[in-house]
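Engineer: Before we start, here is the structure in question, set down as structure tokens.
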Amino acid sequence: MSHFEACMLMAECWYQRQSMEQFNAWNDSAAALIVGNDEERWARVEVNRCRYANFFVKPDQAIVWGNSALARYRHAADRTTWKHAYQIYQALGTTHRNIHQGTDVLFALFDTAQTLLAQQPDVIQYWHANLHKAVSNAALDRTMSGLYDPEPYVPLCAREQLVALRILEENYPAQIIDRCTLQDLRALYHMYQSRPDSALWWLGRTEALLAAKGGVGQNDALASTWFACLRYRSFVYDQAPWRDDVATLRAFLAKLTGAQPLFTEYMSRRVTAGGSFFDDTYWTSPFTTIVTTCSRLWELTGDTTYIDQALWASEKIRRDAWNIAQIFRGEQARVLPEPPPDMLRAIQQRLAQDEAVLLCAHSSLAGLKESVFTVAITQHEVSFHSCVLGFNLRNNGTLDPASKAPYRSTYHTLYTLLFKPVEPLLLNAKRLRMFASGDMSFIAFDALLADTAAHDLRACGLLVQRYAFSYPLLLLPPSEVPRPDSGTELYIAPAPGNGQLTDLKRLRAVFRKWAMDARIDSSFTKSDLGNSLRGIDRIYLAGHCAGGFHRDHEPKHFFGTDTTGPSFQPSDLLPLDLRADLVVHLACRSGLFDADRNGSAISFSRAFLLAGARNVVSSQYLADEASTITLVGLFRDELAKGLPKDVAMQHAKLNYLDQCKTPDEMMPIYWAGWQVLGEPEPSEDHDHSLWMLILVAVLIGTMVFFRYLRRG
């Protein structure tokens, strides 16, 4: 089985370079070489799958693979021959670290790993250092104040970090990546201990090591440690006295913006089509760090160039994702250039009087502070505001649209912190283009509550009563692609059948009603996507959406009632040449499976937009069949009046609330999650203003012409 060992070695090389898709591919290659029921080798493959899931903080998937490997080990006839058994316990320990519970179990797993490793004298010291690092990371998580009693874990973290560093420095001085990673983590340890000067010293050591190596260059793993170093440095600069030091912050911002092109190259070499839709691989991006630094410099100086830089960084990271997708699709002609430096002016020029842009960027300072930065832009004004939420939006108990009391409290708090500071700028706005990143993607902004005193939700000042919301991909959209003008519609109905999922009979029935003379199909499969969707103006797609399981955790759309039946994934849409003006995706959470920390939410909706659709209507939440039919029916009625899609959705939601007879029916889970993603049409006011400008220009030209004739 030398070929198996070679594949495992290649997988490990890619793991150390943090190229996880290559790591996964070589691990799968090793699995394909296993002959028969070789329990030990299968366990090693499953351990790697556990490590892969842990890297992307997917503990539910990681624990399945880790437990499977452990079961093989426990049932082995002779465990003493298992040289790599310690890795099972090490991987499971890291899994429990990510679960944030069962501390005793967590460190017991690591203790077992260390005991087993000590029984293997021929295992090189590198793996001892790797295990010490894993233990120190688990202890590091518990040194943060507020989560645990940090006192027992502070000395453990310090000791394990220093032991790992000593082993690497004495035995593997050329392992720059591992050393830099540990030094970055050592800096984070000192941040948690309120020793920012010591943190800067360790970060300086990382920069010195990278400089001695000749810089980052094309080395992705070195680039990753460099981006982490920059991010950790921002934690220090968020504290006194650095947060008030304009010169230091300016120098740091210059370093960040210089790193952004490097990050673009780094990501373009690493992202796969599938990886664009199931893992947030952008966590090392300088984006949020740039926005954080720009926000502080704006507060200190009032210089609007820092708003330009924050907007540029936001557009840049979104264009990177767009461009990577277009390259996957073979649409190089649609690749966008760098954003313009004067982003604020460019955005304001394309806004009508009744339109505004609201950018909400979320930044997590490694658990030290959760910050949100809001930029509100109208034709003539701008506001840059930062706040600290004080709660975690990823916690389902915090932001549960099905729970009355938490919903009212949370959405009123969000209104107060996020919206109220910029509210005066938006008095004349009727349409808001939302650009949410990170955990802000979990919020249905039109459901924010101005107050919670009234029993009737409609009397609580819902933002949907004031604004029509849309969620475009880009702050400055690409040029229009020619679209069909035939008005062709396609209705892809869920297939009937017995399975563990809801049958969706009412959706099939209403599709038959809505379709009239249009095509309706309930036997659709993934192979039909390419030809059947081409040239369609409006696509209505119904079924079930769910995240995958184990390694296969890219979201899936199921056409029928069984998760083993026909399905497709977001990445399957990328090769398509969609020209649809509207895609209505009637399925649970079709608009949000995870939050991209820098751009639009990871979802089917983003895939449809990247594949060429102009607008997508989808849901953030679990979709109730009855309310979905009602709301989308009302939306269709408003579209028939010729309204822009965002305005039509606003009117549909208001009409839906007017029809509600009980407070329970008004709960946001039934209506707030449905959103318009993309670039809706300009309003009539916008068109009229354009025609007025043309008319004025013609009149002036006519007057000049007649004056010229009189002189002649």
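Engineer: So what J values fall out for region 450-456 if you push phi through Karplus, 6.51 cos²θ - 1.76 cosθ + 1.60 with θ = phi - 60°, rounded to Hz, Gly and Pro as x?
Structural biologist: 5, 8, 10, 6, 7, 6, 7
Engineer: Can you pull the one-decimal nm distance between simple spin-label points at Asp60 and Asp197, each 7 Å off the Cα toward Cβ?
Structural biologist: Placing both labels 7 Å along Cα→Cβ, they lie 4.7 nm apart.
Engineer: So what J values fall out for region 507-514 if you push phi through Karplus, 6.51 cos²θ - 1.76 cosθ + 1.60 with θ = phi - 60°, rounded to Hz, Gly and Pro as x?
Structural biologist: For region 507-514, the Karplus curve yields 5, 5, 5, 6, 4, 4, 6, 5 Hz.
Engineer: Please give every one of the aspartates and glutamates within straight-line cross-link reach of Lys653, meaning a C-alpha to C-alpha distance under 13 Å, and leave out same-chain neighbours fewer than 8 residues apart.
Structural biologist: Reachable aspartates and glutamates: Asp446, Asp637, Glu638, Glu665.
Engineer: So, one more: Relative contact order for the chain using alpha-carbon pairs under 8 Å, separation at least 6, rounded to a whole percent?
Structural biologist: With pairs under 8 Å counted, the relative contact order is 9 percent.
Engineer: Run the dipole for region 488-563 about the Cα centre, Lys and Arg Cβ at +1, Asp and Glu Cβ at -1, nothing else charged, and hand back the magnitude in debye, nearest 20.
Structural biologist: The calculation lands at about 160 debye.
Engineer: Rounding to the nearest 10 and keeping the result within 0 to 90°, find how far the Cα-based axis of helix 196-212 lies from the longest principal axis of the chain.
Structural biologist: Once rounded, the angle reads 80 degrees.
Engineer: Within a 10 angstrom radius of the beta carbon, how do Met516, Met434 rank from fewest other beta carbons to most? Working shown, then result.
Structural biologist: Working: Met516 9, Met434 25.
Exposure proxy ranking, most exposed first: Met516, Met434.
Engineer: Follow-up. Go through 600-609, 659-668 and give me the packing order, highest mean Cβ count within 10 Å leading.
Structural biologist: 600-609, 659-668
Engineer: Along the Cα-to-Cβ line of Glu681, 7 Å from the Cα, sits a label point; which residues in region 616-655 have backbone N less than 17 Å from it?
Structural biologist: Counting backbone N atoms under 17 Å from the label point, the list is 616-617, 635-652.
Engineer: Classify region 523-602: rounded, prolate or oblate, from the alpha-carbon gyration tensor (a ≥ b ≥ c, eigenvalue square roots; a/c under 1.5 rounded; otherwise prolate if a/b is larger than b/c)?
Structural biologist: Numbers: a/c = 1.71, a/b = 1.19, b/c = 1.44.
Oblate.
Engineer: Tell me the label only: which of [x] 536; [y] 212; [z] 199 is volume of the Cα convex hull per residue in Å³ as calculated from this structure?
Structural biologist: Label of the calculated value: [z].
Engineer: Let me ask something else about it. Could you check the simple spin-label distance between Val123 and Asn655, using points 7 Å along Cα→Cβ, in nm with one decimal?
Structural biologist: 6.6 nm
Engineer: With runs of 4+ DSSP H residues as the only contributors, calculate the mean residue ellipticity of the chain at 222 nm using -39,500 (n - 2.57) per run, divided by the residue total and rounded to the nearest 500.
Structural biologist: -16000 deg cm²/dmol
Engineer: Using +1 on the beta carbon of Lys and Arg, -1 on that of Asp and Glu, and nothing else charged, what's the dipole of the chain about the Cα centre, debye to 20?
Structural biologist: Details: 70 positive and 77 negative charges, 135 e Å.
Its charge dipole is roughly 640 debye.
Engineer: Could you work out how far helix 220-237 tilts from the main Cα principal axis of the chain, as a 0 to 90 degree angle to the nearest 10?
Structural biologist: 70 degrees
Engineer: Given H placed 1.01 Å from N in the peptide plane, which residues other than close sequence neighbours of Ala468 have an amide H under 5 Å from its amide H?
Structural biologist: For Ala468, whose amide H was placed from the backbone, the distant partners under 5 Å are Arg431, Leu432.
Engineer: Compute the FRET efficiency between Val105 and Ala453 as 1/(1 + (r/R0)^6), taking r as their Cβ-Cβ distance and R0 = 41 Å, and round to the nearest 0.05.
Structural biologist: Numbers: r = 46 Å, r/R0 = 1.12.
Efficiency for this residue pair is about 0.35.
Engineer: Across region 672-679, in residue order, what do the Karplus-derived ³J(HN,Hα) couplings come to in whole Hz, using 6.51 cos²θ - 1.76 cosθ + 1.60 with θ = phi - 60° and x for Gly and Pro?
Structural biologist: 6, x, 7, 9, 9, 9, x, 10
Engineer: Taking the Cα centre of region 1-56 as origin and charging only Cβ (+1 Lys, Arg; -1 Asp, Glu), how large is the dipole, in debye to the nearest 20? Please report the intermediate quantities before stating the final value.
Structural biologist: Numbers: 5 positive and 8 negative charges, 38 e Å.
So the dipole magnitude of region 1-56 works out to roughly 180 debye.
Engineer: Which of the listed residues, Met440, Leu359, Phe524, is farthest toward the dipole's positive end in the chain, when Lys, Arg count +1 and Asp, Glu count -1 at the beta-carbon?
Structural biologist: Most positive-ward Cα: Leu359.
Engineer: Also: In whole Å, what are the Cα extents of region 66-149 along the three principal axes, biggest one first?
Structural biologist: Extents along the principal axes: 45, 27, 14 Å.
Engineer: On to the next question. If neighbour count is taken as other Cβ atoms inside 10 Å, put Asp521, Asp197 in order from fewest to most.
Structural biologist: Starting with the residue having the fewest Cβ neighbours, the order is Asp197, Asp521.
Engineer: In whole angstrom, how far apart do the alpha carbon centroids of region 404-433 and region 101-178 sit?
Structural biologist: Region 404-433 and region 101-178 have Cα centres spaced 45 Å from each other.
Engineer: Classify region 217-363 as rounded, prolate or oblate, taking a ≥ b ≥ c as the square roots of the eigenvalues of its Cα gyration tensor: rounded when a/c is under 1.5, otherwise prolate if a/b is larger than b/c and oblate if not.
Structural biologist: oblate
Engineer: Near the amide H of Val583, under 5 Å away, which other amide H atoms are found, from residues 5 or more places off or on another chain, if H is placed in the peptide plane?
Structural biologist: Amide H neighbours of Val583, under 5 Å, 5+ apart: Ile539, Asn615, Val616, Val617.
Engineer: Net charge near Tyr670, counting Lys/Arg +1 and Asp/Glu -1 over other residues with Cβ under 12 Å of its Cβ?
Structural biologist: On the way: positive: Lys653; negative: Asp624, Glu625, Asp664, Glu665.
Counting the neighbours of Tyr670, the net charge comes to -3.
Engineer: Given a Förster radius of 25 Å and the C-beta distance between Met516 and Ala626 as r, what FRET efficiency does 1/(1 + (r/R0)^6) yield to the nearest 0.05?
Structural biologist: Details: r = 22 Å, r/R0 = 0.87.
Efficiency computed from Cβ-Cβ geometry: 0.70.
Engineer: Further question: So which lysines can Lys316 reach, going by Cα to Cα under 26 Å and dropping same-chain residues fewer than 8 places off?
Structural biologist: Within reach: Lys255, Lys369.
Engineer: Can you find, among Leu654, Leu507, Ala613, the residue sitting farthest towards the positive end of the charge dipole of region 489-686, where Lys and Arg contribute +1 and Asp and Glu -1 at Cβ?
Structural biologist: Towards the positive end, the residue furthest out is Leu507.
Engineer: What is the helix-to-structure angle for 287-301, meaning the angle in degrees between its Cα long axis and the longest Cα principal axis of the chain, kept from 0 to 90 and rounded to the nearest 10?
Structural biologist: That works out to roughly 70 degrees.
Engineer: Turning to a different aspect of this structure: How much net charge surrounds Asp38 when only the other residues with a Cβ under 13 Å from the Cβ of Asp38 are counted, with Lys and Arg +1 and Asp and Glu -1?
Structural biologist: Net of charged neighbours comes to -1.
Engineer: How would region 489-686 be classified by its alpha-carbon gyration tensor: rounded, prolate or oblate, with rounded meaning a/c under 1.5 and the a/b versus b/c comparison settling the rest?
Structural biologist: rounded
Here, each number is a calculation from the coordinates, and none is a lab measurement. None of these values were measured; they are calculated from a predicted model. Ideal geometry is used to build each Cβ from the backbone, glycine not excepted, and the neighbour counts take in all protein chains shown.
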